[in-house]
Amino acid sequence: MHTQVGIIGAGPAGLLLGHLLHLKGIDSVILESRSREYVIDRVRAGVLEQFTADLMTEMGVGARLQREGMRHDGVFLSFAGRRHYVPLAELTGGKAIYVYGQNEVVKDLIEARVATGRPLHFEVEDVSVYDIDSTSPRVRYAANGKQEELTCDFIAGCDGFHGICRPTIEKAARFYDKTYPFGWLGILAEAAPSSEALVYTYHECGFSLFSMRSPKITRLYFQVPPDEDINQWPDEAIWDEMLKRMTTHDGWKPNVGAILNKGVTAMRSFVTEPMSAGRLYLAGDAAHIVPPTGAKGLNLAAFDVLHLGRAIAAFYSSGKTDLLDQYSDTALKRVWRAQRFSWWMTQTLHRFPDENPFDYKRQLTDLDYIVSSRAALTSLAENYVGLPVDAAL
Ligand SMILES: Cc1cc2nc3c(=O)[nH]c(=O)nc-3n(C[C@H](O)[C@H](O)[C@H](O)COP(=O)(O)OP(=O)(O)OC[C@H]3O[C@@H](n4cnc5c(N)ncnc54)[C@H](O)[C@@H]3O)c2cc1C
């Protein structure tokens, strides 16, 4: 079997890339180790930057996002018992964020892929890549108990942080890594959102985040130790902690409801440099991870594949490799900006185990400064909605 681009992973990065290539008339085969249901049901990102929402619309896969996604023109920062509104759109010339679950994004992209008739194989096993330094790199995998081999012109490693592509280029790459001394305990709850905007809270017991997925479902998080056992948290104790951290002096608090899903996510910053070796190109979480505080991971994946798709299309139309050669540098510039912002949001809003009362007061003062300075708020807003991108396909 031969294809122009072998794509490993059917998360947001792999599926978006497959569709971008399809729009340019370029073949691809997408290989995914999990089942279709598992990939769709995985609860992760919820905040899309303006750029990602615009990109999906321009690609013709944004109809449901436009209909059901919730445009947010601002977010709240909450501390010392008070919420402060950050008017994102007003501070950024009209840009907003869109609340639309990653599982909805993935569902839309899988439907679009299936409609193209191009190959998307779920539940493949033992995926490995070979000959990436040649002009005919290969992917081997097993499907339905049969060994398969795919020769490609290019391979896109879109297989997330635990995939097999990044380890393949280990010797040619340098890794930058930071782990945090906390994780997030997250729940999906059957409860109507009690705030129209997200609420990021800094509390003496630690960070919490109020967000939502739909007019009937809230998505809430609070900071816990990184190795916290979710089984130690009965639903009642989770709600007690949420309410303790989020309730403000004016009585605002989240609505309580049945918990539909709960789990603990560790926090990490990680960058691979360069993001390519030979004809293997990494994109999305396969190349970099950000702590979710800045809501940047999926958005970075979209930026990577927009540029990778453009570079591959330029190769087929002109035979030139200059955009492919620049791919890693172009992507890394945005990756590092998102790393900086995600780290900044994380350290501004979380409590660290080695802090003393001085640090707590300093952090409160930092937040007080941010909400009282238009310059500081503008800096937060322009990073949160996403720095400018030329989103044209
Ligand atoms: C709690 C939480 C909240 C988040 N909130 C946000 C947010 O609000 N906004 C935002 O932008 N980002 C957010 N993120 C980050 C976002 O979820 C990720 O950045 C995003 O999933 C990256 O997409 P990806 O396609 O690169 O990787 P993934 O989504 O991890 O997809 C990789 C795919 O590859 C498959 N795979 C793995 N190994 C193999 C293999 N060997 N062979 C074949 N397939 C393989 C996997 O099964 C998976 O389907 C959040 C993350 C978490 C955990």
In region 30-52, how many are closer than 20 Å to A143 by Cα and either within 6 Å of the ligand (Cβ to nearest atom) or open to solvent by less than 10 Å² (accessible area, probe 1.4 Å) (or both)? 6
Give region 330-377 a look and list any residue that's closer than 12 Å to Y202 by Cα, open to solvent by 10 Å² or more (accessible area, probe 1.4 Å) and within 20 Å of the chain's Cα centre (by Cα), or say none. Q347
Going through T378, T365 one at a time, which residue ends up being at pLDDT 95 or above and closer than 27 Å to G183 by Cβ? T365
Helices (runs of 4 or more DSSP H) enclosed by region 290-393 - at least 1 residues per element that are more than 30 Å from Y85 (Cα to Cα): 297-318, 322-349
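Scan region 183-203 and give yes if some residue there is open to solvent by 60 Å² or more (accessible area, probe 1.4 Å) and part of a strand (DSSP E or B), otherwise no. Working first, answer last.
Of region 183-203, the ones open to solvent by 60 Å² or more (accessible area, probe 1.4 Å) are 190, 196.
If we keep only those that are part of a strand (DSSP E or B) too, we end up with 190.
Looking for residues that are open to solvent by 60 Å² or more (accessible area, probe 1.4 Å) and part of a strand (DSSP E or B), one finds at least one in region 183-203, hence yes.
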Condition met for V271 (within 28 Å of I164 (Cβ to Cβ) and either among the aliphatic types (A, V, I, L, M) or in a loop (DSSP other than H, G, I, E, B) (or both)): yes
Just for region 30-48: of the residues that are in contact with a Leu (Cβ under 9 Å, 6 or more places away or on another chain) and among the charged types (D, E, K, R), which one is nearest to A13 (Cα to Cα)? E32
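If we scan region 55-63, do we find a residue that is in contact with a Phe, Trp or Tyr (Cβ under 7 Å, 6 or more places away or on another chain), at pLDDT 95 or above, assigned to a loop (DSSP other than H, G, I, E, B) and over 20 Å from G284 (Cα atoms)?
Applying the first criterion (in contact with a Phe, Trp or Tyr (Cβ under 7 Å, 6 or more places away or on another chain)) to region 55-63 yields none.
Checking region 55-63: not a single residue is in contact with a Phe, Trp or Tyr (Cβ under 7 Å, 6 or more places away or on another chain), at pLDDT 95 or above, assigned to a loop (DSSP other than H, G, I, E, B) and over 20 Å from G284 (Cα atoms).
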Looking at region 139-177 only, could you name the residues that are more than 23 Å from the chain's Cα centre (by Cα), under 17 Å from E32 (Cα atoms) and without any contact (Cβ under 8 Å) to a residue 40 or more places away in the chain? R140, A142, A143, N144, G145, K146, Q147
Do you know which residues across region 215-260 are among the basic types (K, R) and either surrounded by 17 or more Cβ atoms within 10 Å (Cβ to Cβ) or farther than 20 Å from V47 by Cβ (or both)? R219, K244, R245, K253
Over region 1-21, the set of residues more than 11 Å from the ligand (Cβ to nearest atom) and either in a loop (DSSP other than H, G, I, E, B) or open to solvent by 50 Å² or more (accessible area, probe 1.4 Å) (or both) is M1, H2
If you go through region 1-54 one residue at a time, how many are farther than 26 Å from T218 by Cα and modelled with pLDDT under 95? 1
Close pairs from region 193-222: first on the phi > 0 side of the Ramachandran plot, partner part of a strand (DSSP E or B), Cβ under 6 Å, at least 6 apart: G206/Q223
What do you reckon, is E104 over 14 Å from G386 (Cα atoms), in a loop (DSSP other than H, G, I, E, B) and within 16 Å of the ligand (Cβ to nearest atom)? no
Any residue in region 278-285 that is surrounded by 15 or more Cβ atoms within 10 Å (Cβ to Cβ) and either free of Cβ contacts under 8 Å to residues at least 60 places away in the same chain or in a helix (DSSP H, G or I) (or both)? yes
Listed residues R71, R34, R83; which is in a loop (DSSP other than H, G, I, E, B) and either touching a residue at least 60 places away in the same chain (Cβ under 8 Å) or within 19 Å of the chain's Cα centre (by Cα) (or both)? R34
If D159 satisfies every condition in (1) assigned to a strand (DSSP E or B); (2) near the ligand (Cβ under 10 Å from one of its atoms); (3) not aliphatic (A, V, I, L, M) but one, which is the exception? (1)
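The values are calculated or read from the model by the stated rules, or taken from the named source; none is laboratory data. For clarity, every value in this text was computed on a predicted model and none was experimentally measured. As a convention, Cβ positions derive from the backbone with ideal geometry for all residues, glycine included, and neighbour counts pool all protein chains shown. SASA here: full protein model, heavy atoms, side chains in, ligands and nucleic acids out. Shrake-Rupley method; radii C 1.70, N 1.55, O 1.52, S 1.80 Å.
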